[in-house]
1. So which of LEU298, LEU264, LEU222 is over 28 Å from ALA458 (Cβ atoms), in contact (Cβ under 8 Å) with a residue 60 or more places away in the chain and crowded, with 20+ Cβ neighbours inside 10 Å?
2. I need every pair where a residue in region 86-101 that is buried (at least 17 other Cβ atoms within 10 Å of the Cβ) has its Cβ under 7 Å from the Cβ of a residue that is not in a helix (DSSP H, G or I), sequence separation at least 6 or different chains.
3. Taking the criterion of being outside any helix (DSSP H, G or I), under 30 Å from GLU133 (Cβ atoms), at pLDDT below 85 and over 17 Å from the mean Cα position of the chain (by Cα), would at least one residue in region 376-391 satisfy it?
4. I need the full set of residues from region 254-285 which are of a type in the set (Asp, Glu) and either out of contact with any helix residue (DSSP H, G or I) (no Cβ under 7 Å at 6 or more places or on another chain) or on the phi > 0 side of the Ramachandran plot (or both), in order please.
5. So if I check each of GLY126, GLY116, which one is at pLDDT 85 or above, within 23 Å of PHE174 (Cα to Cα) and surrounded by 20 or more Cβ atoms within 10 Å (Cβ to Cβ)?
6. Count, please, the residues in region 103-113 that happen to be surrounded by 24 or more Cβ atoms within 10 Å (Cβ to Cβ) and without any contact (Cβ under 8 Å) to a residue 24 or more places away in the chain.
7. If the Cβ limit is 6 Å and pairs must be 6+ apart or interchain, which residue in region 333-356 that is among the hydrophobic types (A, V, I, L, M, F, W, C) pairs with which residue that is outside any helix (DSSP H, G or I)?
8. From LEU374, LEU351, LEU460, which residue is crowded, with 21+ Cβ neighbours inside 10 Å and out of contact with any Gly (no Cβ under 7 Å at 6 or more places or on another chain)?
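The values are calculated or read from the model by the stated rules, or taken from the named source; none is laboratory data. Just so it is clear, the structure is predicted and the values come from calculations on it, not from any experiment. Here the Cβ positions follow ideal geometry from the backbone for every residue, glycine too, while neighbour counts run over all protein chains shown.
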Amino acid sequence: MKAFLTRFRAGKSYKWWVLGVIMLGTFMAVLDITVVNVGMPAIMSSFHVGISTAEWVVTAYMITMTIMLPTAGWLADRYGNKKVYIIGICLFTLGSWLCGRAWTDGFLVGSRALQGVGSGMIQALGLAIVSREFPPEQRGTALGLWAVASAASISFGPLIGGYLVDDFNWHWIFDVNVPLGLLAIAASLIIQREWKNTTIGRFDWIGFLSVALFMPLCIYALARGNAATNPKGWAAPEVIGSFAIGGVALIVFIWHELRTKAPLLNIRLLGDRNFGVAMLVLMIFGIGMLGGTYLLPLYMQNGLGYTAIMAGMVFLPVGLIQGTLSAASGIVTRYIGSVPLMIVGIVVMTLSFWFASRFTAETHHSAIMTVLYLRGFGMGLTFAPLNIFSLKYLAQKDMAAASGIANSIKQLSGSIGIALLTAIMTSRISYYTAAKDAAESKTVAYIAGVADDFFIVAVLTLLAMTPLLLLLIPRKNRTPRPE
């Protein structure tokens, strides 16, 4: 058996098997986000909590995932990519099982945090492993196929979640991860070979602790500012104090990471123009994109009265469109470049959110589907070219660090986006509820608040295109990174 595995791992097909393993882990991690979005109204009803409390079911997952993204890179270099990747799947699977046993909202949030730790380890290593195994001429195709795993989760996650919530109960949306996790563990044990970085430095405790302070405190402050249990609002001492401490932690993190020889996140890579511009695009785009994805199931279920499975079914074509275009755009970038595809994708996404901002209580189902078709089209044209563009001039040794930065920015912006948009939505719903023209219907006020949020998302998405203007600045000739 050992001799067979040695020959297999040395063969030409090995890298494609590894890609399959990584796609399975990515599908599982992203599935949990899309499934929970559809199940959120049922969870709120089960524990009798409002949106300000329920959002922590999503943000706790994203906070711990974001903290673990850069940390997992160091752990993988130190102890081995395969070993850390498998540990991440084990933690994610255990967290899923515990979520399915949750009897209080606090226990559910804690279990989601454990899930996030595992998810951070899975996603942090995915891009680095794929980039290491594939040569430059095949990397665009591989990254495009890898994006298909996320697209499949977007398509089938809400549908699976809606079916489980309606026909069973919300606990099953977490239990479904357990058999997938066991399958991913077995596949990783058999297929992957181990890889370590023999030149790894010390663990950056200052960087880790400053990130661990900054993330939860800022998200807590955003969530607490408009909470119903907070009569002082944004002037509350805990809100001001959390923002202040979180801001100081962020400053300490940036100052330390630029000075230390072994940073948790090598943010010096942002000095590479392609990578820096791509991360600016991702940061702005992520706030709107992930926040907007969180809003739509709430609108359909709480505003229009859709069942969970009805809300889940509308997402099916989104992932199919995104997956197809992600794979195709990874190939097309060889001929027309990444930037034109990114610009078209961002414009299409902006249009989708602008149309969503026109939603009312009378919006027809076809209008919702048009928005989702546009979203899938825009996302498919954006993400694979963005990945290829960002890595173009980076050295192989920087791939893991670049992956950690990209994933951290994506999840950080998503966490901030959900907290920020929830705070704005709560404020706008209160405004419309108090207005005379909405006094006759709380549903009308709710939908109007969600629509305002979609308009803000549209503006943020359009702003994501502005960093690309930096590419108009002349630069010295550079060649793509050597292999």
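1. Going through LEU298, LEU264, LEU222 in turn, the sole match is LEU264.
2. Here the result reads GLY100/HIS171, each pair linking region 86-101 to a residue that is not in a helix (DSSP H, G or I).
3. No: region 376-391 contains no residue that is outside any helix (DSSP H, G or I), under 30 Å from GLU133 (Cβ atoms), at pLDDT below 85 and over 17 Å from the mean Cα position of the chain (by Cα).
4. Across region 254-285, the qualifying residue is only ASP272.
5. The match here is GLY116.
6. Adding up the residues that qualify gives 0.
7. ILE346/ALA464; ILE346/MET465
8. That would be LEU374, the only listed residue that is crowded, with 21+ Cβ neighbours inside 10 Å and out of contact with any Gly (no Cβ under 7 Å at 6 or more places or on another chain).
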